[in-house]
Amino acid sequence: MIDLLTIFVLAVFVGFEVVSKVSTILHTPLMSGANAIHGVILVGAILITGSAQTTLELVLGLLAVFLATVNVVGGFVVTDRMLEMFKK
Amino acid sequence: MTVQLMYLVAALCFILALKGLSSPKYARYGNFIGAFGMLVAVVTAYVHGVVHNGLLILVAIALGVVVGIPAARAVKMTAIPQMVALFNGVGGAAAALVALAEFFAVPDSTVLFRLATVLTVLIGSVSFSGSVVTFLKLQELMTTRPVLLPAGQQLAIAAGVSSVALCALTMAVPNGFLLWLLAVVGLALGVLFVLPVGGADVPIAISLLNAFTGLAVAASGYVLANTLLIVAGTLVGASGTILTRLMAQAMGRSLTNILFGAFKATSATAQQEEQRTVKSGTVEDVAILLGYANNVVVVPGYGLAVAQAQHAVRELVAQLERRGVAVSYGIHPVAGRMPGHMNVLLAEADVPYEQLKELDDVNPGITSVDVAVVVGANDVVNPGARDEPSSPIYGMPIFDVDRAKSVVFMKRSMRPGFAGVDNELLYNPKTTLLFGDAKESLTKLLAAVKQL
């Protein structure tokens, strides 16, 4: 448990650090990109569905897989569309 | 072992992605790296973690792709903020569902496991329902103003207290029904939390809910004992919190004011209701004003984007420059619906980056500007934000266009802006109003300037 807590605390600091100096122009794409990254819950959804024992678990898991996939692909595609506008 | 290494690779990709997205030069690569990391993580999870239901999982992923990609491709640039809100909401819902499923899969759980479970379910539900409400507000499917339910504050407190109680109860007595109930209360809490947030503050709420979803994902990482979920979720939670603060700062607002401000004031308006005179001009009047000016600043707002007038404004500006008029764009940090949104919209119309000026570049020299042209903006030029402590947008930095020599205000109607606040600038004797659709007005104006 303490290992997981260590990872958590370190990740908090990395998270604070990486975005501390971002210009206003990039606020919207950055938020959208971060939004895509939390779609990593897809990993959890796949793992839970892949070992589901009951119908309830299976249904919940599959719904989670579907929603998380929408989050991931939609998030990355929309961010890319925004950033495409910035290229010279 | 290999699995953990693959997850480490994915986590590093996510860190590099956020780092890249913070600098204009590497932003697009950053996004690619993030997507690559996601691919690594998902393939690893599928190959190593799936015991059965493999085919069903692939079908669910395929469905998600079929829904997600066209949605992200089809959305208009003006509607990006609400799309991000929706994607964020489904992510939160997925986290809550994962925790629910795992709760039923593990009959004899530890207290810490249950703590992580209740947190994931609660935060995920709040994030989902809250995001849906922000979507409805930005899409204008419901009012954009703060919604104050009778006893809304008491209701929100009641929902907050009962969710904490349910969390504690579920940790003591692991019971599926209690967890479902917690999810429902969480949904209600999300709605009650976002309803009082109004107008220009809605994007800030989206950013905060984005951070919430990150935390829900991190908590689900404890539930599943999965380090990648913990790292990635925490990264988003932490960076999202910082980003929310930066956005609030750009608007000159404090976070508490944005989230809870509506509970306090909002009755200060409704004073001077008498008929007030405004000065409206013809296209020709405005063409002359612009054509013979030395120095013009264009302040574009969301109305410009809605009218799809970015190209029209660029052409008008080009024509004015051919006449020797110096023109620049004043881009407010929250022009559009979100910080940076207007830069995206103008970049889409090939407006040169060098012409985009920020508040600090424009305001010091504003008194020597001959004409300030306000196109589809309102709140960002409202002097009330500077002079009127009772104004709901008081404290938000604005373009001081009322101090320019003259102002042209292009407007569709006398309707107040997104924040629903009356604008004193409209009644300023220096202001000429040009009513009509922004694109139509600009096109006519272009023709009229060519005639000069």
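FYI, it's all coordinate maths here, none of it is from the lab. Keep in mind the model is a prediction, meaning the values are calculated, not measured. We place every Cβ from the backbone using ideal geometry, glycine too, and count neighbours over all the protein chains shown.
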Filtering helices (runs of 4 or more DSSP H) wholly in segment B:281-344 for at least 2 residues that are under 19 Å from the mean Cα position of the chain (by Cα) gives B:302-306
Restricting segment B:18-35 to residues that are more than 7 Å from chain A (Cβ to nearest Cβ) and not in a helix (DSSP H, G or I), which is surrounded by the most Cβ atoms within 10 Å (Cβ to Cβ)?
B:Tyr26
Just to verify a result, which residue in segment B:92-110, among those that are at the interface with chain A (Cβ under 8 Å from one of its Cβ atoms) and buried (at least 24 other Cβ atoms within 10 Å of the Cβ), is farthest from B:Gly130 (Cα to Cα)?
B:Glu102
Any residue that is under 30 Å from B:Asn378 (Cα atoms) and part of a helix (DSSP H, G or I) - is there at least one of those in segment B:165-185?
no
Restricting to segment A:1-29, count the residues that are surrounded by fewer than 23 Cβ atoms within 10 Å (Cβ to Cβ), assigned to a helix (DSSP H, G or I) and at the interface with chain B (Cβ under 7 Å from one of its Cβ atoms).
7
Single residue of B:Leu155, B:Leu115, B:Leu122, B:Leu169 found to be free of Cβ contacts under 8 Å to residues at least 24 places away in the same chain and farther than 20 Å from A:Ala34 by Cα
B:Leu169
For B:Val42, are the conditions met, namely being facing another protein chain (nearest Cβ under 8 Å), in contact with a Ser or Thr (Cβ under 7 Å, 6 or more places away or on another chain) and closer than 27 Å to B:Thr2 by Cβ?
no
Working carefully through the options B:Leu316, B:Leu345, find the one that is of a type outside the set (Gly, Ala, Ser) and closer than 28 Å to B:Leu138 by Cα.
B:Leu345
